[in-house]
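Comments concern the structure below.
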Amino acid sequence: MMRMRLNNTLFQIPIINNVLYYDTIDSTNNKAKELAKRGSVHGSLVVAKSQTAGRGRMGRSFSSADNQGLYFSLMLRPNVSMNHLSSITLVTALAVSTALDTICNINTTIKWPNDVYINNKKAVGILTEAGPDYVVIGIGINVNTKEFPSDISDTATSLYLETGMEYDLAIVLSTVLESINKLYHRFVSDNSLDFSYTNHLGATISFIEQYNSRLGSLNKQVYIIPYELTKQAANPALIDTSELEAMLCKGIDSAGCLICIDSKGYTHQVNSGEVSLRLG
Ligand code: BTN
């Protein structure tokens, strides 16, 4: 039923050329990468009701066993140069954030580079993985999730928990994909993050300004946490930042790097590769 209803809507979105549904799968990113390697078309979408091995950035897992969320991966074969691929994560984060605001009438924020937060808790994770001739954008949205495993129950949330309403997964999926479609086409046609687009009110707005205005850390003190430190901590909340210097976050630049100013006034251009962010 959901499949029939979804097919009609999804194939009207220009970026979608192929859709695969699973009740349960290990990881939609794994399946989308497999499809890419087997020569599947640009715009192949893999959607699952639950994942047994959902993955996040930097080797973390992503809780997705519950049938209450949306777990999907979109495989694209972009014409942009591969050093712009990390920018696709940022484009996706803004697209998801604005779509959720419209659906739920809320103000989501973005945690650079790839998470969408509601009221300081994580509601969405995005994992972008690239191969020689493809990129897979994996998105996990906690939609109607009522409960989380105890290790993340303090830091994770869902649309349901924040608004008290249940959402139709098919509508959330198609609205988010329409939003990605729109921003992605603007991004690839300019081959840069320095682009403007028309929002739902008809106003022309700059991508970078929009992204920065949603950054939860904008003009706040942050720690940039190297992967080495993340790896040592079982729980990201327990990472020891005592050896790190807090810096002032000034938002992203046109390369998608986070601009931070240290206590001596020096500017640092932080690349998202192997670091994560923590508010100071
Ligand atoms: C993160 O939290 O660092 C990113 C999480 C990304 C989760 C999504 S769910 C769909 C897709 N399949 C995966 O295994 N991961 C992504």
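The values are calculated or read from the model by the stated rules, or taken from the named source; none is laboratory data. Bear in mind that the values here come from a model prediction, so they are computed numbers and not experimental data. Cβ sites come from the backbone with ideal geometry, for glycine too, and all protein chains shown count toward neighbours.
Please indicate, with yes or no, whether at least one residue in region 136-153 is away from the ligand (no atom under 16 Å from the Cβ), assigned to a helix (DSSP H, G or I) and in the same structural domain as residue 13 (by TED's automatic domain parsing).
Pass one, region 136-153, residues away from the ligand (no atom under 16 Å from the Cβ): 146-147, 150.
If we keep only those that are assigned to a helix (DSSP H, G or I) as well, we get none.
For region 136-153, residues away from the ligand (no atom under 16 Å from the Cβ), assigned to a helix (DSSP H, G or I) and in the same structural domain as residue 13 (by TED's automatic domain parsing): absent.
Kindly indicate the residue of region 154-187 that is in a loop (DSSP other than H, G, I, E, B) and more than 18 Å from the chain's Cα centre (by Cα) and also surrounded by the most Cβ atoms within 10 Å (Cβ to Cβ) among those meeting that condition.
Out of the qualifying residues, it is 167.
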### Message
Name the residue that is modelled with the lowest pLDDT, counting only residues in region 50-65 that are surrounded by fewer than 19 Cβ atoms within 10 Å (Cβ to Cβ) and touching an Asp or Glu at 6+ places or on another chain (Cβ under 8 Å).
### Response
58
### Query
Which ranges mark the strands (runs of 3 or more DSSP E) fully within region 42-132 that have 2 or more residues being within 11 Å of the ligand (Cβ to nearest atom)?
44-51, 70-76, 115-118, 121-131
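Would it be correct to say that residue 29 is away from the ligand (no atom under 16 Å from the Cβ) and part of a helix (DSSP H, G or I)? Don't jump to the end; show me each part of the working.
Details: away from the ligand (no atom under 16 Å from the Cβ): no; part of a helix (DSSP H, G or I): yes.
Taking the combined requirement at face value, the residue does not satisfy it.
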